[in-house]
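What follows is a set of notes on a single structure, which appears directly below.
The values are calculated or read from the model by the stated rules, or taken from the named source; none is laboratory data. Worth saying up front: this structure is predicted, and the values here are computed from it rather than measured. So basically every Cβ, Gly included, is an ideal-geometry build from the backbone, and we count neighbours across all protein chains shown. Note: areas computed on protein heavy atoms with side chains; ligands, DNA, RNA excluded. Shrake-Rupley method; radii C 1.70, N 1.55, O 1.52, S 1.80 Å.
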Amino acid sequence: MFDQELLFKTSEFRKYVASEKWKNLKLVRLQKDDFKCVLCKSVENLVCHHLTYIRLYNERIDDLISLCRK
């Protein structure tokens, strides 16, 4: 079983989400979602969330979703 919490604690994952590659991918996803949460349409406190971790570090844009922290 996949342990998401354990992944978030790894230095490799922390480095990845700080990388330019991730920042660019996140920006593209946010743009596709019009900088809005896809669930509630909020424009505040947005994050780019993985729908799947199958292609982690080589995500496709459709592996991601824009959500707010609510």
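Within the stretch 40-70, whose backbone N sits under 20 Å from a point 7 Å along Cα→Cβ of Thr10?
Backbone N within reach: 48-61, 63-65.
When the helix-only estimate is applied to the chain (DSSP H runs of n ≥ 4, each -39,500 (n - 2.57), divided by the residue count), what is the mean residue ellipticity at 222 nm, nearest 500 deg cm²/dmol?
My calculation for the chain gives -10500 deg cm²/dmol from helical runs alone.
Leaving out same-chain residues fewer than 8 places away, which lysines sit with a Cα under 19 Å from that of Lys41?
Lys26, Lys32, Lys70
How high is the relative contact order of the chain, given as a whole-number percent (alpha carbon pairs under 8 Å, six or more residues apart)?
Once divided by the residue count of the chain, the mean separation gives 29 percent.
Go through the cysteines of the chain and tell me which have no other cysteine Cβ under 4.7 Å away.
Unpaired cysteines in the chain: Cys40, Cys48.
For the full complex of protein chains and a 1.4 angstrom probe, list Lys26, Lys32, Lys15 by accessible area with the highest value first.
Descending accessible area places them as Lys15, Lys32, Lys26.
Tabulate in residue order the Karplus-calculated ³J(HN,Hα) for the stretch 53-60, using 6.51 cos²θ - 1.76 cosθ + 1.60 with θ = phi - 60°, rounded to whole Hz; enter x for Gly and Pro.
Coupling constants for the stretch 53-60: 10, 4, 10, 3, 6, 9, 5, 8 Hz.
Run the 1.4 Å probe and let me know the accessible area of Leu27, rounded to the nearest 10 Å².
80 Å²
Work through the residues other than Glu44 whose Cβ is under 9 Å from its Cβ and net out their charges, Lys, Arg +1 and Asp, Glu -1.
Overall, the nearby charge balance is +2.
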